[in-house]
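Only one structure is covered here, and it is reproduced in the block below.
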Amino acid sequence: MKITKPLLTTIALLPLAANAGLADKGGLSGEISVIAGMTSTDSNLSTNGNATKNAPLNSTGEQEASSIVGALGSLSFTFGQGLDKQIFVGTSREDIAIGTIALELGYRQQLDSGTKVSLSYLPTVLAEDVWKDPFNVGSARAETEKTGDAYRLQFDRIGGSMFSLDLAYAQTDVEEELSGSTQGLTTAEQQSLNRSGDTFYSKVSYRQFLGKGLGVAPAFVYMKNESDGDAMSHQTYGGELSYFSFAGRNKIVLTGKYHYRDYDASHPIFGEVRNDSEFSAFLAYEYAHFFEVHPLSFVTLAGYNNTDSNIDFYNASEFFGSVGITYRF
């Protein structure tokens, strides 16, 4: 699930093969990953870029590059008859493989029908630094925090089939919302740019195996964002397609996404209703038993995201690449 956060990185691959239970063994298991890489973006909304937006306002942001170094992981405890119950915390391997990061705390149950039901809380998926007023021109923009809570309900392999359903609800709050305050707008016009609000997310997907260790996973995404400001409220429709190949020690997942966002009201600064087309591609590659050590894997990730808007200010592109080591236990 990706609600509003830009493309980020961590380490893992998509386990598309079915298991008899939720894990190979009961008790505690997990993984830890160490990564290093770089990212480059030209988004006007990214606080990683230049704090000063130069005129004209309705133009694409400047290209900025930065490095990535970090460690992430996950932990789960599996129990019950047939290993059908699990408590988990960390980053989902399924999400990571398609280019999404989200810290989750939740519970998973495998039903007799074969359906895997997961209920989780995501405390950080919406957290990031944003500009208080993204439209300030000619002087340094100040940062504020965007926070939120998200709740997720997943049904995987419904009734033993290859269909899955992913549902989520999130609340977002921008602490110091000053959007448009430097543009001479009326109070009502400024209010229409308020970014706080609620988001409803849904995704239905299907896995189709094409041969031993080969397959595709198409998906359809619908999202409804009800912001406090009408000009920020929007609906998103999208399609995704993942290709996976597991051959010996080599595991590859390649994902392409296309999303279209249609906003509800005219933007008070730019004088037209915003609509965006977003395309992204993500590659995850794993080489298992690195250095002949069974629990150790080498992983590399690469991703590209491009947003094409009818309002040039919102045009953006992002690229990242990373390599790392994963240790599973």
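The values are calculated or read from the model by the stated rules, or taken from the named source; none is laboratory data. Everything numeric here is computed off the predicted structure, so don't read it as measured data. Glycine also receives a Cβ, built like all others from the backbone with ideal geometry; neighbour counts cover every protein chain displayed.
Taken together, the residues in region 170-185 that are exposed (fewer than 14 other Cβ atoms within 10 Å of the Cβ) and either free of Cβ contacts under 8 Å to residues at least 40 places away in the same chain or in contact with a Gly (Cβ under 6 Å, 6 or more places away or on another chain) (or both) amount to 2.
For region 50-89, a residue qualifies if it is surrounded by fewer than 20 Cβ atoms within 10 Å (Cβ to Cβ) and among the small types (Gly, Ala, Ser), and the qualifying residues are Ala51, Ala55, Ser59, Ala65, Ser66, Ser67, Gly70, Ala71, Gly73, Ser76, Gly80, Gly82.
Could you list, in sequence order, all residues of region 207-219 that are part of a strand (DSSP E or B) and over 19 Å from the mean Cα position of the chain (by Cα)?
Gln208, Phe209, Leu210, Gly211, Leu214, Gly215, Val216
Here Arg261 meets each of (1) closer than 30 Å to Gly30 by Cβ; (2) of a type in the set (Lys, Arg); (3) touching a His at 6+ places or on another chain (Cβ under 6 Å) with one exception, condition (1).
Residue count for region 195-214 under the criterion of being of a type in the set (A, V, I, L, M, F, W, C) and over 28 Å from Asn225 (Cα atoms): the result is 3.
Suppose we filter Asp133, Asp166, Asp173 for residues that are in a strand (DSSP E or B), of a type in the set (D, E, K, R), touching a Lys or Arg at 6+ places or on another chain (Cβ under 8 Å) and farther than 30 Å from Gln86 by Cβ; which single one remains?
Working: Asp133 fails: in a strand (DSSP E or B); Asp166 fails: farther than 30 Å from Gln86 by Cβ.
None of the others qualify; the one that does is Asp173.
For every residue, the table says whether it meets (1) in contact with a Leu (Cβ under 8 Å, 6 or more places away or on another chain); (2) of a type in the set (Lys, Arg); (3) modelled with pLDDT under 95.
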site	(1), (2), (3)
Leu241	no, no, no
Gly248	no, no, yes
Gly256	yes, no, no
Asp262	no, no, no
Ser266	no, no, no
Ile269	yes, no, no
Glu272	no, no, no
Asn275	no, no, no
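If the condition is being surrounded by fewer than 18 Cβ atoms within 10 Å (Cβ to Cβ) and of a type in the set (Phe, Trp, Tyr), then region 186-214 contributes Phe200, Tyr206, Phe209.
If you check Thr147, Thr124 for being within 26 Å of Phe329 (Cα to Cα), surrounded by fewer than 20 Cβ atoms within 10 Å (Cβ to Cβ), within 17 Å of the chain's Cα centre (by Cα) and β-branched (Val, Ile, Thr), only one passes: Thr124.
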